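This report concerns only the one structure given below.
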Amino acid sequence: MKNEVILQFSGGIDSLYAAHYLAQRYDQVHLLTFNKGYLHFALKANQINVQLLKEIHGQDKFVHRLIDIKPFFKELGVKTFRETKEKYGNETAWCMPCRASMALGCIVYALEHSILFFSDGANWEQAPSGEKILVTGDNFPEFLDIIKNFALEYKVKYLPILYDLNTRQERRDILLNLGAKIDFNSLDREKKSIFDIFRRDFYRRVQPICLSGYLIHWKRNFFNVKEEITPEKIVNSIQPKLETIGKKIIKDYFEQKGFSLEKILQERESLLT
């Protein structure tokens, strides 16, 4: 098996640092920037940081691809949004299926390119706890365990390598010293303001902007109100969807390509032993 790894790559602090970190440990890092559709903009804004990574680690160290996961997200999140929102709230209904769709994209890519590992920028500092405002439920360990166990069913290993590696401030400082560009919203600002949207810096992007997600978090982003989200809500919402809709998405994907998913998994069996 090739000494390669897949990384969910927005180009923000966490995924950018993860790319830098993984480049020192793998022969090649596949940077996947996902397009989920639905008010997802500036998808190529991270090119400036991709070029920086290549200058630091070599032109052949990275493969960067823009992957369309809109069909995945539509099935996993959009079609059931209203129903899930009523039971679990906005973020659980919209953002968790989005992140799960990215995981499906990584799994499919891993199976197609004979790669064993994938990672992302998940970290403990952005897991909801205490009174912190700028946090998201996809950083809960419980969510990551769901992704890890689901991926293993397809002979793919999910490695949340950043989770407790260091702090976001340390990552931010290292990246700035390397010459990386960082979004205005990713600088050291604990509170956001509705008036940010009138600042020119707000629109200078070096990572994609998910406007739909920004609006989903309207209470947090506009009024600094902590959102009600728990590990239990996420587990009860996303796990059944992955076991039914998620598995069907992967099965249908390979059937449409004319490949036998069963044969691919049989060939990968020895990789996990």
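For the reader, a short list of remarks on this structure follows.
- Cross-chain or 6+ apart pairs with Cβ under 6 Å, the range 103-124 first and on the phi > 0 side of the Ramachandran plot and assigned to a helix (DSSP H, G or I), then of a type in the set (Gly, Ala, Ser) and buried (at least 24 other Cβ atoms within 10 Å of the Cβ): none
- Scanning the range 88-102 for residues that are of a type outside the set (S, T, N, Q) and under 12 Å from Lys36 (Cβ atoms) returns Trp94, Cys95, Pro97, Cys98, Arg99, Ala100, Met102.
- Residues of the range 241-263 satisfying the condition of being aromatic (Phe, Trp, Tyr) and assigned to a helix (DSSP H, G or I): Tyr253, Phe254
- Residue, surrounded by the most Cβ atoms within 10 Å (Cβ to Cβ), within the range 134-181, restricted to residues that are among the acidic types (Asp, Glu) and in a loop (DSSP other than H, G, I, E, B): Glu153
- The lone exception for Ala93 - which of (1) assigned to a helix (DSSP H, G or I); (2) over 30 Å from Gln256 (Cα atoms) it fails: (2)
- Number of positions in the range 220-235 that are surrounded by fewer than 15 Cβ atoms within 10 Å (Cβ to Cβ), among the charged types (D, E, K, R) and modelled with pLDDT under 90: 2
- Hey, Leu7 touching a Leu at 6+ places or on another chain (Cβ under 7 Å) and in a loop (DSSP other than H, G, I, E, B) or not: no
- Restricting Asp60, Asp120 to residues that are surrounded by 18 or more Cβ atoms within 10 Å (Cβ to Cβ), under 22 Å from Asn3 (Cβ atoms) and among the charged types (D, E, K, R) narrows the list to Asp120.
- Here Ile115 qualifies as farther than 17 Å from Leu242 by Cα, more than 15 Å from the chain's Cα centre (by Cα) and buried (at least 21 other Cβ atoms within 10 Å of the Cβ).
- A count restricted to the range 196-240 and to residues that are touching a helix residue (DSSP H, G or I) at 6+ places or on another chain (Cβ under 8 Å), part of a helix (DSSP H, G or I) and closer than 17 Å to Phe184 by Cβ stands at 7.
- Residues (in contact (Cβ under 8 Å) with a residue 12 or more places away in the chain and either surrounded by fewer than 17 Cβ atoms within 10 Å (Cβ to Cβ) or within 20 Å of Ala93 (Cβ to Cβ) (or both)) located in the range 249-260: Ile249
- Condition met for Val29 (outside any helix (DSSP H, G or I), surrounded by 23 or more Cβ atoms within 10 Å (Cβ to Cβ), in contact (Cβ under 8 Å) with a residue 12 or more places away in the chain and touching a strand residue (DSSP E or B) at 6+ places or on another chain (Cβ under 8 Å)): yes
- Any hit, the range 36-56, residues being crowded, with 24+ Cβ neighbours inside 10 Å, in contact with a Lys or Arg (Cβ under 7 Å, 6 or more places away or on another chain) and under 25 Å from Ile250 (Cβ atoms): yes
- Answer residue from the range 42-81, given it is touching a Pro at 6+ places or on another chain (Cβ under 9 Å), among the hydrophobic types (A, V, I, L, M, F, W, C) and outside any helix (DSSP H, G or I) and is farthest from Arg205 (Cα to Cα) among those: Leu43
The values are calculated or read from the model by the stated rules, or taken from the named source; none is laboratory data. Remember, predicted model here, so these are calculated numbers, not experimental data. Cβ atoms come from the backbone with ideal geometry, glycine included; neighbour counts cover every protein chain shown.
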